[in-house]
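A.B. asks: The following block contains the structure, expressed as structure tokens.
Any read-out appearing in this document is the output of simple, stated calculations on the displayed coordinates, not a laboratory observation. Computed from a predicted structure; not experimentally measured. All Cβ positions, even for glycine, are placed from backbone atoms using ideal geometry, and neighbour counts span all protein chains on display.
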Amino acid sequence: MAYNNGEARTALLAAAVTLFRDRGYDNVSVAEIARAAGAYPNQVTYHFGGKEPLFIHAASHAVLRTARLAEQRTRGSATPEAHARGLVTYLLGPGAKTLTMYAEAMLAARRVPALQQIIVTTHAALYDAGERVMADTFTRTGWTVRASPGEITRGFWVAVLGLALEKAALGASFNEADADAVTLMLVRLNTGDLTPTDTPTDQEHP
């Protein structure tokens, strides 16, 4: 298929997202990506500089899209708790493969400053978009929480991506207990809710 330069880059990126997400970095070749995109293998080098940079770009592109989908799906949440649960459940459910791919990209990019900058830029975009969405959500719903939109967004992504890094390093999968733990942490961080057993006291009891 004949592409102009912009079309070839877009097609390669889309094919890479699907293949890397579904099969992992080590199980995908440049030739397979090019074939799926209807392009030539040397176009991967031309547009991205090789397989690893393409992987970093693909993972970053995918996580931003998945974050937007999670935000869209939770727009109608009735409470802050339901909103947090909806975001976490989507990201650790349908979005789990994308989060794992992005976690692996974060680990890989740390070795190369130019690739690390892609991750830095992606993080900034996640935080900025999330903060705007949270501010809009608070204005629209009238919810009152303890933390600011920026603090909530940063805490959310630190928790979710930290969990994704742990799972990627261990070769483990997300489960319902992970979603429960992250949701509970976010709710307590943002609302200050404490159960009776969590209420601080002036002294310890024997």
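A.B. asks: Pick from VAL17, VAL145, VAL88 the residue whose mean-square fluctuation is largest in a GNM of the chain, springs joining Cα atoms under 10 Å.
C.D. replies: Highest fluctuation among the options: VAL145.
A.B. asks: Can you give the relative contact order of the chain as a percent, counting alpha carbon pairs under 8 Å and 6+ residues apart? Could you put the intermediate results ahead of the total?
C.D. replies: Details: 186 pairs, mean separation 39.4, N = 206.
Over the chain, the number comes to 19 percent.
A.B. asks: Same structure, new question: Compute, for the chain, the length of the dipole vector about the Cα centre, with Cβ point charges of +1 (Lys, Arg) and -1 (Asp, Glu) only. Units Debye, rounded to 20.
C.D. replies: Charge dipole, the chain, about its Cα centre: 800 debye, nearest 20.
A.B. asks: Okay, next question. How far is helix 113-141 tilted off the main Cα axis of the chain, in degrees rounded to 10, range 0 to 90?
C.D. replies: 40 degrees
A.B. asks: Hey, another quick one. Using just the helices of the chain, give the 222 nm mean residue ellipticity in deg cm²/dmol: DSSP H runs with n ≥ 4 each add -39,500 (n - 2.57), and the total is spread over all residues, rounded to 500. Walk me through the intermediate numbers first.
C.D. replies: On the way: 9 runs with 152 residues, N = 206.
That calculation yields -24500 deg cm²/dmol at 222 nm.
A.B. asks: Per-residue HN-Hα couplings for the range 88-99, Karplus 6.51 cos²θ - 1.76 cosθ + 1.60 at θ = phi - 60°, whole Hz, x for Gly and Pro?
C.D. replies: Once rounded to whole Hz, the list reads 5, 4, 5, 5, 8, x, x, x, 4, 5, 5, 4.
A.B. asks: Now a separate question. Would you indicate which of [x] 37, 18, 14; [y] 25, 20, 17; [z] 30, 18, 15 is the value of semi-axes √(5λ) of the Cα gyration tensor in Å derived from the coordinates of this structure?
C.D. replies: Checking each listed value against the structure points to [x].
A.B. asks: For the range 73-86, take each phi angle, set θ = phi - 60°, evaluate the Karplus expression 6.51 cos²θ - 1.76 cosθ + 1.60, and give the result in whole Hz per residue in order, putting x for glycine and proline.
C.D. replies: My calculation for the range 73-86 gives 6, 9, 4, x, 4, 7, 9, x, 5, 5, 5, 4, 4, x Hz in order.
A.B. asks: Here's a follow-up. Roughly how many whole Å is it from the C-alpha centroid of the range 9-29 to that of the range 31-61?
C.D. replies: 8 Å
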